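Enquirer: Sending over a structure as structure tokens; questions will come in a sec.
Each reported figure results from applying straightforward, stated rules to the coordinates on display, with no laboratory input. Model, not experiment: these values are computed from the prediction. Neighbour counts run over all protein chains shown; Cβ positions are idealised from the backbone, glycine included.
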Amino acid sequence: MALQMSLGILCLVTLFTVWLVTVPVLVLMTLILQILADPRVRVEQRLRDAGLQTTDYARQVMTQVRPVHPPRRDAESSILK
């Protein structure tokens, strides 16, 4: 009986440990995929690869590229208003 309980506890601890490792990795992978899906990131990387990231042309291009989704209203800063 004690051996079965110990094995049950060991299984629960093992499952919990796997969950603790797996969930943050999945969350991180989701965040990375969301970042890479943003067209601004891809345009910036292409400009960087071409060595143009600090030029006026790059600034002009980056101001015209829009995010896939508009920023959340609660993410706006009110400091400068």
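Enquirer: Restricted to Cα positions, what overall size does the chain have along the principal axes? Three whole-Å values, descending.
Expert: For the chain, the Cα spread along each principal axis is 74, 36, 19 Å.
Enquirer: Still on this structure, I have one more. All other residues with a Cβ under 15 Å from the Cβ of MET62 taken together, and with Lys, Arg as +1 and Asp, Glu as -1, what is their net charge?
Expert: Values: positive: ARG40, ARG42, ARG46, ARG48, ARG59, ARG66; negative: ASP38, GLU44, ASP49, ASP56.
Once all neighbours under 15 Å are counted, the net charge is +2.
Enquirer: To continue, here is another question. Indicate the helices, whole DSSP H runs only, in the chain that combine a mean Kyte-Doolittle hydropathy of 1.0 or more with a Cα extent along their long axis of 18 angstrom or more.
Expert: Working: long enough: 2-37 (52 Å, 2.21).
Span-like helices, by this rule, are 2-37.
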